[in-house]
Amino acid sequence: AESSGDLVSTVTSLLTLPENNDFKEEALRVIKRENGGQLLIDAIKSTDKNIATLVAACWESEVDFSKELLFFVSLALGNDDLISIEAITVISTMAGPFNKDEVDKAIADVRIKIKKSEGVQLILLNDLLNTLLTFLQ
């Protein structure tokens, strides 16, 4: 049996290496079918390369990551615009239900970051803030 670490590295290479492009769609289908959202999160946490591609795979897999709201908010608040865009996309596809305390914390964190942001980042974070506010309704 493969250890979860082996599985994480396999999934990471299937989703991120150009020579595996032919397998990417199939990998995403398997992740969706097997409810492999945790695998993707483990893959993101265990690497510092290709993070935007792995985060994109989260929304491409159509898995609902509502329970991981704060994890994706933390990615969105990082300094890499590409990772932010992908993380915000994941958040915008979340169906809920949400833990109100988590949403409140996410909103507070985003508001703090907005005060220090400008340009593209500011636009992205305002978009994220609006999405988070709808989660309270």
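For the peptides 109-115, 84-90, the ranking by mean Cβ contacts within 10 Å, running from highest to lowest, is 84-90, 109-115. Estimate the FRET efficiency between Leu17 and Phe71 by the formula 1/(1 + (r/R0)^6), using the beta-carbon distance for r and 30 Å for R0, to the nearest 0.05. With a Förster radius of 30 Å, E is 0.80.
Of the labelled figures [x] 52, 26, 19; [y] 45, 31, 22; [z] 42, 37, 29, only one reflects Cα extents along the principal axes in Å as derived from the coordinates, namely [y].
In sequence order, region 53-66 has phi-based couplings of 5, 5, 5, 4, 4, 4, 7, 5, 6, 6, 6, 8, 9, 3 Hz under the Karplus curve 6.51 cos²θ - 1.76 cosθ + 1.60, θ = phi - 60°, and Gly or Pro positions carry x.
Counting pairs of alpha carbon atoms under 8 Å apart in space and at least six apart in sequence, what relative contact order in percent does the chain give?
Values: 144 pairs, mean separation 25.5, N = 137.
After rounding, I find 19 percent.
When a 1.4 Å probe is rolled over the protein heavy atoms, the share of accessible surface on the chain that falls to carbon and sulfur comes to 53 percent. Out of Gly36, Gly78, Gly119, any idea which swings most in a Gaussian network model of the chain, alpha carbons joined below 10 Å? Of Gly36, Gly78, Gly119, the most mobile in the Gaussian network model is Gly119. Of the listed residues Phe135, Phe72, the order by accessible area with a 1.4 Å probe, largest first, is Phe135, Phe72. Taking a point 7 Å out from the Cα of Asp64 in the direction of its Cβ, the residues of region 85-104 whose backbone N falls within less than 13 Å of it are 93-99.
Listed cross-link partners Lys49/Lys100; Lys24/Lys116; Lys45/Lys113 are compared with a 30 Å cut-off, the Cα-Cα value being larger for Lys49/Lys100; Lys24/Lys116. Between the alpha-carbon centres of region 1-69 and region 73-119 there is a gap of 20 Å. Ranking Ala108, Ile88, Ala56 by Cα position along the charge dipole of the chain, where only Lys, Arg, Asp and Glu carry charges on their C-beta atoms, puts Ala108 farthest toward the positive end. Farthest towards the positive end of the charge dipole of the chain, among the residues Ile123, Val11, Asn35, is the Cα of Ile123, using unit charges on the Cβ of Lys, Arg, Asp and Glu. Per residue, region 1-85 exposes 56 Å² of accessible surface when a 1.4 Å probe is rolled over the protein heavy atoms with every protein chain present.
The values are calculated or read from the model by the stated rules, or taken from the named source; none is laboratory data. From a predicted model like this one, the values you see are computed outputs, not experimental measurements. Here Cβ is always computed from backbone atoms with ideal geometry, including for glycine, and neighbour counts include all displayed protein chains. For the accessible areas, the whole protein counts, side chains as well, though only heavy atoms, and no ligand, DNA or RNA atoms are used. Shrake-Rupley method; radii C 1.70, N 1.55, O 1.52, S 1.80 Å.
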